[in-house]
Structure formats: C-alpha cells, structure tokens
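Here's the structure, in structure tokens; my notes come after.
What follows is calculated from the coordinates using simple rules that are stated; it is not laboratory data. Worth saying up front: this structure is predicted, and the values here are computed from it rather than measured. Glycine gets a Cβ as well: all are built from the backbone with ideal geometry, and neighbour counts include every protein chain shown.
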Amino acid sequence: MRTRKESTISSSNSTKPSSLNTIVTNTNTTTTATNNNNTTEPILFVTKSYFHNRLMRNNFTRQPMGHSDVAETASSSSGDHNGNPDRSIKIALPTRNEEADEHHSEENRVAWSSKWDFMMSCIGYAVGLGNIWRFPYLCYKNGGGAFLIPYFVCLIFAGIPVFLLETTLGQLLGRGMLSIWKVCPVLKGVGYSSLILLFWMNAYYIVWSISNLTFYRRHVLRTSSGIENTGPINLEMILYLGLAWLICYWAMYKGIQMSGKIIYVTALFPYFCLTILFVRGITLDGAGDGLKYYFKPNLDRITDPNVWNDAASQIFYSYGLGVGAWIALSSYNKFDNNVFQDTIIIGVINGCTAVFSGMIVFCIVGFMAKQQNKPIESVAASGSGLTFIAYPSATLKMPFVQLWSALFFAMMIMLGFGSLFVQLESFFTGWIDEFPNKLRKHRAIFIGYICVISAIIGLIFLSEVSIQL
C-alpha cells in the first residue's frame, strides 16, 4: 500500500467560524475531526492539488508538517498562546505520482471565458422543449390557471433548492458527475447511474429535437398499433439523425470553448420567435378568452393530487435535475462565483418563460375556440401535439406564412439542441474528469465514438414503435 504524506492547512482569517480543531488522517485508521465538546465528525478526503487550486483562493495557506508533528497535535489540546482555538486541518495527501497527475489534470481543465457563457448555457438547458411544448400542454390538461399555483410552489420549494445544491457542489469541487464522489466513494454509483441515464436520454432526445423537420405525427411518429409491431424505420429521418449528430460532434469536440459560444444562438433565438408569436397571438379575436382561462384558477382542481404530481414532474423535467448537468456546468465556474445569484436569475427566467409560452398558446387556443364556436376545454385535442396545433395556427395568420412556419420549426430545433448540447457536455465532462490522463488529450476521438454509437442506438427510435417505448 502506498503511504501518504501529511500536511496542515491553516486558515489565515481567524474570524471565520470553525468547529474543527484537528483532523488527522492516515491510510490505516478511520479519520475523524475533534471539536471542543470531544465529539467526532467525519472529514472530507481531498487532494493536494484540489486544495491548492480551489480552497487556496479562499484565504487558505498550507504549512508543511512532519509525522511527529501530526501525532503531537493530535494528542495535545487545541489552541494558541492567546487562547484562540487551533483551526489547522491535517489532510491525507497523495504520492508524488498521484499529485503530479492531478495537478496536470487541473492545469489543463478549461473554464468559462466569461460569466455570460455560463448563464447562456444555463438558460439554453433550462428553457427547452419542456417550457415551450410540455408546460402549455399540462396547463391545458389541468384546467389552466389551477396548474400555475402548484407549479410555482414546486418551483420555489423543490426546483430552486435542488438547483442551488447541484450548482454549489459542482462549483466547489470543480469536477464532473463522477469525480465529485471522491468525497464519498460509497455514493459513486450515483454518478455512474446518472451518466448512463444521460447516455440514453441523449440518444432519444435528439430524435425529438429533429422530429420538427417533418410533420409531427404523420411523418415522424407513424405510431404503430403496439409494441409488438415495430414497422419499418423512417428512412427520411435517418438523414436528419446523421446530420444532427454531426452538428453535435462539431459543437462538442472542443469543449465549452466552442459549445459556450454556440449556445448563445440556441438560447436567444427562441425568444425572438416567441416575442413575434406573442404579438400576433394577442391581437387575434378571442385571445382574451384564452388568457382568462389560462390565469383564472379552478380552485377545485388544486386539491387533485394529479395536478401536483404534474407540477412537480414539470419542474424536474424542465430543470433537468438529478442527471449531473448543473454540476458539470458550474464546475467550470470561478471558485468565488456568486452561485446564489445565478440560481435566482435562472429560476426566474425559467418560470417566466414557461408562463410566457403558455400565454401564447392560450391566446391562440382562445382564437380557435371563437372560430369554431366551442368551449376552450374542447377546442383542441389535448396531448403532446397541442403545441404543434397552436403555434402553426398563429403563423397561418401572418404574412409570409412559409417564412414564419420555417422560423417556428427552427425555434423548436434550437430549443432541443440547446438542452442537448448541455446534456452531452455533462456526459463527456463526467468521464473526462474521471479519466483525465486517458481521455482529455483524446477528447475528439472519444466524443466521435460516443456520437456514432448514440446515432446507431437512435435508429430504434425512428421505427413506428418508438412512441410506444
């Protein structure tokens, strides 16, 4: 077994509160932290380069210490000649080979070129198809305004706290979904399961992103009668699938230096299209009836547990929580970045965009109800295709119909790719941070293999049974 050296980390700011007096680590005994009440606390295993590159930025200094000093400090009572408690922390350090490898990995790890790159990536990931497509459908399904109350309750008490937790963890440790669990190796299976989930999500999500290139249900889904009847593969979509994965490879192979710039287009272009659709939708006859249905809650539906279940699922779906994406994005931040401020901004933008897209849909639904002389509840078949009925209906009322129809489907594609780029970056970041010496210098080859494999798997979702899966 390789031995580990001992070192002391001392805080230069004596005003900072700390319950730790002494932490002694070695490779043969259980490590604990002792406080003034003679209780023990588990400590965090970290490495020399981690402290040097991350915690040193927060006024930490390191003082070398020998083995005899460790034993002496551990056995003595804590405190200095002024009676102040000793705030030194002794940590297990790696061997020279381990230290050199990790230091080299840290030095080669890129960071966001600006704060705006990070913010645009967060917006591009959070504001996706879940806001523009799924949120209006769930509002329509659950009685309009009745859905908004549980939605914002779940956003405040579930979505934002979990988002803050993930971004804080990623920014603190500066690693992807796998490497962060070095602090608690027993939970590393969580990291592996998240990356496996991301792999399958990417293979499926990209099909939904490109499905807007053709008519939604007749030419894309071609739903079969059951899972036992697979039917033929949609040959037209194979070309689109291959093109989509080529775009993903081009955006990903250089890392966030490339994808962080592309995300500006995928994040901002949908707002341009939504603003135009809103201006047109609000001027349609019957738009007021649709907005009234949207914002006036049916209080009887609030007690329905299915409404709350849909609201919670929408929050986790639109935010993409629990798959490591936020951990990966925030790991490229500066250590002293104001992550709390970022959490509030992203939460407000995410929620407001969902409500804004719902306003557009219900303006158009109100217009359709007026035209057909039907109640709003029955004007359009509810389901995942509601968005593909409402938005095109608005474009038909505009001049240059072909232009606005093309922009609408381009918007849907941008929304899909904005989320997909972040999911892919999270997947690659997790593996590359875990095996930096093997994968970082071969990033382009590694990403190429994953894109090819994912494209092959994606062929399954081009069959007529895909919607059944």
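Please work out how much length the chain gains when fully extended from Glu236 to Thr283, using 0.36 nm per residue of separation minus the C-alpha to C-alpha distance, in nm with one decimal.
13.2 nm
Looking at region 297-340, which chymotrypsin sites (Phe, Trp or Tyr not before Pro) are in a loop (DSSP not H, G, I, E or B) and have at most 15 other Cβ atoms within 10 Å? List each step's numbers first, then the result.
Numbers: sites: Trp308, Phe316, Tyr317, Tyr319, Trp326, Tyr332, Phe335, Phe340; in loops: Tyr332, Phe335.
Listed in order of number, the matching sites are Phe335.
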Legend entry - Virtual spin-label span in nm between Ser405 and Asn338, 7 Å along Cα→Cβ: 4.7 nm
Legend entry - Contour excess over end-to-end distance, with Cα ends at Ser193 and Ile156 and 0.36 nm allotted per residue: 10.6 nm
Inset, instruction - For a footprinting-style exposure proxy, rank Ser313, Ser454, Ser114, Ser331 by other Cβ within 10 Å, fewest first. - result: Ser114, Ser313, Ser454, Ser331
Inset, instruction - Please turn the phi angles of region 391-400 into ³J(HN,Hα) values with the Karplus equation 6.51 cos²θ - 1.76 cosθ + 1.60 (θ = phi - 60°), one per residue in order, whole Hz, x for glycine and proline. - result: 4, x, 4, 6, 5, 5, 8, 9, x, 6
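Note the full-extension length gain between Leu243 and Gln372 as 0.36 nm times their separation in residues minus their Cα-Cα distance, in nm to one decimal.
Extending this stretch completely gives an extra 42.4 nm.
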Inset, instruction - Could you tell me which chymotrypsin sites (Phe, Trp or Tyr not before Pro) in region 363-459 are loop residues by DSSP with no more than 13 other beta carbons within 10 angstrom of their beta carbon? - result: Phe400
Inset, instruction - May I ask you to evaluate 6.51 cos²θ - 1.76 cosθ + 1.60, the Karplus curve with θ = phi - 60°, for each residue of region 175-181 and list the ³J(HN,Hα) values in order in whole Hz, giving x for glycine and proline? - result: 9, x, 5, 7, 5, 5, 7
